[in-house]
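Here is the structure we will look at.
The values are calculated or read from the model by the stated rules, or taken from the named source; none is laboratory data. Worth saying up front: this structure is predicted, and the values here are computed from it rather than measured. When we count neighbours, we look across all protein chains shown, and the Cβ atoms used for this are built from the backbone with ideal geometry, even at glycine. Note: areas computed on protein heavy atoms with side chains; ligands, DNA, RNA excluded. Shrake-Rupley method; radii C 1.70, N 1.55, O 1.52, S 1.80 Å.
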Amino acid sequence: MTLTLHSSTSFVNPKDHKGLKTSDDSPGTIYFAQIKPSCRLRAKSSMQETQLLHEKNLMTISDGRRELLHALPNTAHSSTDNKVPVYVMLPLDTVSHGGHLNKPRAMNASLMALKQAGVEGVMVDAWWGLVEKDGPSQYNWEGYDELVQMVQKHGMKIQVVMSFHQCGGNVGDSCSIPLPPWVLEEISKNPDLVYTDKSGRRNPEYISLGCDSLPVLRGRTPIQVYTDYMRSFRDRFIDYLGDVIVEIQVGMGPCGELRYPAYPESNGTWRFPGIGEFQCYDKYMRASLEASAEALGKRDWGRSGPHDSGHYNQFPEDTGFFKRDGTWNTEYGQFFLEWYSGKLLRHGDRILSAAKGVFQGSGSKLSGKIAGIHWHYGSRSHAAELTAGYYNTRHRDGYLPTAKMFSKNMVVLNFTCMEMKDREQPEHANCSPEGLVRQVKMATKRAGIDLAGENALERYDTGAFAQVLATSRSDSGNALSAFTYLRMNKRLFEGDNWRNMVEFVRSMAEGGRNRRLSECDSTASDLFVHFIKEKKVEKTKETLLV
């Protein structure tokens, strides 16, 4: 049997989900597809109430009247110390270039589905390039206000990312959102405002940390600009902080991560598993390097970055700097890497300290994100981590200093690649995502801070979900305090993918123990999110959500 839920949002029969186009303008129907006999709904009779396993009531609007219907069970069980709440990242273009919420009916339907699957909440990027695009200190939060109200209506939570980077040019970037036009104008007049490699390539993803404390953005320093932006957000959403908006993730670099843009994919500059390049050749970074070298009485060390560090797509053993007994392990190498990584740490500390000053007492957690650079992790030099600014080698823990800086500012450390297994990686890349995750878990435990996780790539298979369950536990180092799944799109709501997701959310709610991702959907999670046009339309067009 099939249970139909009429709503102001739209879901269609899963049998008709191919070749569909999105429509935002019509009410529709939610369908719970028939479940296989071994996992089916139980019904008393056609004259009695339909039951689902572990019944849960759903209130929804149909034809202007409230109807009480039986729907999917909320898989989030009563909270325990081991519960790991799951959030889902929203599409990058959740808010349009015009500043409005994109596809609000589709978003409403998606939130309903996620809520019924037991998902705690969602994450959204608050793009600097959208909010402050009209001019310095001119903020437009309208689209985000629409979203926050919708999330509240569904009884969910939201994590908001202060995204001070551009969208476009990296893994998973499906749209383009540059930095604010007035900032790009300043960059055009002074190209040294952005990171630069040794060949002189400029990277417009993020303002160079070399000018953090200089009034280069129309009389304000970048740190002041970021602080004013966060203060504007706080003032606009003060009534939601700590209740609906439970976390503020503070962007500190490309992709919102505290790192240098050492492996840019745009225009084919870098390809996996290249070592990347140091990003210290804008005039502000070069001046800092020169001053640090002079302070040590080693003026020659400050003339430039390492001359033997190779190019983006080389391997460690192809270079003099990163090879087994290379320059990285000399007195000069140690000086340069301490300076390069130290600049990044101080940058993070400045921004997080400013964020703490803005949001302290609001009730919302603060978090920051670190990149999961797992390739060449098995080499002595950890070359790819070094070019990104993490001074982590066979002989040195590069993540403990970062964790301690986060601890100082009372910030949750968010880390990626939680879904990856060593055996899935190409042998020639010398990867160890599992080893890297273990190291970061231990570092956060020693620093006394919470660790949250994300998947690095879009995955829907049981193997990836099972790996997240395993890494979420405290068997080695910190357990996860939360997990944010990347990302909400039409594929997530497809049959097997959705069943896997529902089972994963339930297992995370139970601490990730004594469960496995089952092939059978025992709680009617065969929910598909789709659109259909109004019944008055002669030929109904059915479209898949998102």
Inset, instruction - For Asp422, Asp197, Asp134, give the ranking by accessible area with the largest first, probe 1.4 Å. - result: Asp134, Asp422, Asp197
Legend entry - 5 angstrom amide H check on Ala482, placed H, neighbours 5+ away: Gly453
Legend entry - In Å², nearest 10: area of His154 left accessible to a 1.4 Å probe: 30
Inset, instruction - Using a 1.4 Å probe and ignoring any ligands, DNA or RNA, find the accessible area of Asp93 and quote it in Å² to the nearest 10. - result: 70
Inset, instruction - May I ask which of Lys103/Lys404; Lys115/Lys343; Lys198/Lys369; Lys356/Lys445 have a Cα-Cα span longer than 30 Å here? - result: Lys103/Lys404; Lys115/Lys343
Inset, instruction - Kindly report, to the nearest 10 Å², the accessible surface of His311 as traced by a 1.4 Å probe over protein heavy atoms only. - result: 100
Inset, instruction - Can you check what the net charge comes to around Trp328, using other residues whose Cβ is under 12 Å from the Cβ of Trp328 (Lys, Arg +1; Asp, Glu -1)? - result: 0
Inset, instruction - Could you work out how far the C-alpha centroid of region 412-491 sits from that of region 318-388, in angstrom? - result: 19
Legend entry - For region 476-485, Karplus couplings with θ = phi - 60° (6.51, -1.76, 1.60), whole Hz, Gly/Pro x: 9, x, 5, 7, 6, 8, 6, 9, 10, 8
Legend entry - Amide H partners (placed H, <5 Å) of Glu257, local residues excluded: Met252
Inset, instruction - Restricting to region 159-286, compute how many DSSP beta bridges are antiparallel as a %, nearest 5. - result: 50
Legend entry - Amide hydrogen neighbours beyond the local backbone of Val95, cut-off 5 Å, H modeled: Asn102
Legend entry - Low-density loop cleavage sites - trypsin sites (Lys or Arg not before Pro) in region 237-298, where at most 10 other Cβ are within 10 Å (DSSP): Arg271
Legend entry - Computed Kirkwood radius, in angstrom, where 1/r is averaged over Cα pairs of region 412-464: 12.0
